[in-house]
Amino acid sequence: MPREIITLQVGQCGNQIGSEFWKQLCLEHGIAKDGLLHDSSASGNDRKDVFFYQADDQHYVPRALMLDLEPRVINSIQNSEQRQLYNHENIFLSPQGGGAGNNWASGYSQAENFQEDILDMVDREAEGSDSLEGFVLCHSVAGGTGSGMGSFILEALNDRYGKQIVQSYSVFPNQMESSDVVVQPYNSILTLKRLIMQCDCVVTLDNTALDRIAVDRLHVDTPTFAQTNSLVSTVMAASTTTLRYPGYMNNDLVGLVASLIPTPKCHFLVTGYTPFALTSTDHNGIRKTTVLDVMRRLLQTKNMMFSSQHSSKGLQGKFISVLNIVQGDVEPTQVHKALQRIKERKLVNFIDWSPVNLQVAISKGSPFVPATNSVSGLMLANHTSVRDVFTHCMSQYEKLVRRRAFLDQYEQYAMFADGLDEFQQAYELVSELVDEYAACESPSYANL
């Protein structure tokens, strides 16, 4: 029985990633740009109805809500080749169309003002599902709409759909470049509070690492947002293959996530993917792939989509759990041999207080997309070094708040009218999360 998942795309980044994700899913399920099945796709053993539903005229419609406070990105999607794919009742644009001005408080308060319209769309999609499993949110944490409106939606989902799982794909800002959004640290800290409290699982994606992968692995000198977003959509599509092409395990979102998260607080996952190719005709990549080779590469820092401090010996910190989703024509015996080899060579540094949690799920992948490589792999991992992303957000926040810089932009909203306690609470929660991940490295963590 299919367990449906509703995707919420919020803000510029969320809608760009979402658009790429649906393109990829349509390719993998043999669905044309207008939502109709290609003739050859009718007799597939895939579960399209996890992410799509069939309209009365037989065309497939994504279970997606597209939400933004300024019209540019959604307008471009509505004028694209895929405009007939989406349900136009599931698009929300602010009537003012002025955006959130990169201000979390503006995004949050506008979402609050329009909550009836937004939640009505969510309820309608949820009621159209036979057995709703959960929600997936795509957004960035640095801007105004993705962070502020995204935060409000997470709180609302938690209130209304407390039993359903909520997963987010959250894009963190580039740490190496000075941003044109000066209040980015404030937005990030406030959003992180909601990701800690209201999310069951957060896939942490980092623009620093995405840009590095585009330069190093795809040989692109100056990566565009379109290219980094296509990397994110590749990860989203790969991480959902076991839900859409079910096997004997990891075929629902709860099962996928539960095995990776030992304690509710530590629910921030990092990802790795190999081999990368921008298009199916891109031949810059790896010529020959084996299961062992793919699984070894997934553990290399250069293929991971998050930035952390690492020494010449490699990644610092420890793995709490790892799930590798290997796609291609793979035999279980090959996986077993690869796992043995990785354990023998001690390529993975695991925590001491729990049995080694290194799982592999085999997915046959889509019969409609010609594979560039015989084997490809995605790693979803819980790693203690994810805290480096949060410590960077905290240090940037400290620099600004020490001088009370730009706080007047927030004080004009009702939420901050009585003071800035919200900032202090958010900062303390993020600080506790960093301490929790640091404590996980201690052998006596389970006894604390």
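The values are calculated or read from the model by the stated rules, or taken from the named source; none is laboratory data. The shown structure was predicted, so the numbers you read here are calculated from the model rather than taken from an experiment. Here the Cβ positions follow ideal geometry from the backbone for every residue, glycine too, while neighbour counts run over all protein chains shown. Each accessible area value is taken on the protein alone, full model and side chains, heavy atoms only, with ligands, DNA and RNA left out. Shrake-Rupley method; radii C 1.70, N 1.55, O 1.52, S 1.80 Å.
Counting only Cβ charges, +1 for Lys and Arg and -1 for Asp and Glu, the dipole size of the chain around its Cα centre is about 2040 debye. Round to the nearest 10 and report in Å² the accessible area of Asp216, as given by a 1.4 Å probe over the protein chains' heavy atoms. Taking all protein chains as shown, Asp216 has close to 80 Å². With a threshold of 25 Å on the Cα-Cα distance, the over-threshold entries among Lys288/Lys318; Lys163/Lys364; Lys48/Lys364 are Lys288/Lys318; Lys163/Lys364. With all protein chains in place and ligands, DNA and RNA left out, the 1.4 Å accessible area ranks Lys318, Lys288 as Lys288, Lys318, largest first.
Taking every C-alpha pair closer than 8 Å and separated by at least 6 residues, the mean separation divided by the residue count of the chain gives a relative contact order of 16 percent. Annotation: Glu428 carries an accessible surface of approximately 90 Å², with a 1.4 Å probe and no ligand, DNA or RNA atoms counted.
Ranked by solvent-accessible area (1.4 Å probe, protein heavy atoms only, all chains present), the residues Thr222, Thr228 order from largest to smallest as Thr222, Thr228. Rolling a 1.4 Å probe over the protein heavy atoms leaves Val73 with an accessible area of roughly 10 Å².
On the protein heavy atoms, probe 1.4 angstrom, tell me the percent of accessible surface of the chain carried by carbon and sulfur.
C and S fraction of accessible area: 47 percent.
In this rough spin-label picture, where each label sits 7 Å from Cα along the Cβ direction, the Asn79-Glu116 distance is 3.2 nm. If you compute Kirkwood radius over Cα pairs in Å for the structure shown, which of [x] 23.2; [y] 24.3; [z] 22.4 do you land on? Computed from the coordinates, Kirkwood radius over Cα pairs in Å corresponds to [z]. Go ahead and collect, in residue order, the members of the stretch 340-380 whose backbone nitrogen is under 16 Å from a label point 7 Å along the Cα-Cβ direction of His38. Answer for this model: 365-372. Length gained on full extension, Thr222 to Gln96, computed as 0.36 nm times the residue gap minus the Cα-Cα distance: 42.0 nm. Think of the chain as a dipole: +1 on every Lys or Arg Cβ, -1 on every Asp or Glu Cβ, centred on the Cα centre; then among Tyr413, Ile5, Leu299, Leu299 lies furthest on the positive end. Taking all protein chains into account, the per residue accessible area for the chain stands at 43 Å² (1.4 Å probe). Working note: Karplus 6.51/-1.76/1.60 with θ = phi - 60° gives the stretch 355-370 the couplings x, 4, 10, 10, 10, 10, 10, 9, 10, 5, x, 7, x, 9, 10, x Hz, where Gly and Pro are set to x. Quick check for you: which residues of the stretch 41-80 have the amide N under 19 Å from the point 7 Å beyond the Cα of Phe368 toward its beta carbon? What the label zone holds, given the 19 Å backbone N cut-off, is 41-64. For Lys33, the aspartates and glutamates whose Cα comes closer than 13 Å to its Cα, not counting residues fewer than 8 places off in the same chain, are Glu20, Glu81.
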